[in-house]
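Working notes, structure below.
Values quoted throughout were computed directly from the atomic coordinates according to the rules given, and no laboratory measurement underlies them. Every value quoted in this text rests on a predicted model; they were computed, and no experiment measured them. As a convention, Cβ positions derive from the backbone with ideal geometry for all residues, glycine included, and neighbour counts pool all protein chains shown.
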Amino acid sequence: MISRNVKVQAALKEEDRPIALLVQMASQFESKILFEAGNKQVNVKSIMGMMSLGLNQIEDLTVVADGSDEEEAVTQIEHYLTKGA
């Protein structure tokens, strides 16, 4: 299991489409992937969970992954959250 703190890029907070793309990206990995923000923890592969997280109000979060491709999963998700693509 690995975890990494990430600062969320402002452009991702402006609409729901980036959240849907993030869920699609996370779903390509075998690892279990979670976002932790404040006292919330959500499954990144769940669109409903991600919508409930309120990503548009979060500046920093922790990405946690556990599984065979955890390193690649966290790296790609971190890149998406900080670079927007």
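Quick notes on this structure:
- Unit charges on C-beta of K, R, D, E only; dipole of the chain, Debye: 220
- Listed residue (Ile19, Val64, Phe29) projecting farthest to the positive dipole end of the chain, Cβ model: Ile19
- Cα extents for the chain along the principal axes, largest to smallest and rounded to whole angstrom: 32, 27, 22.
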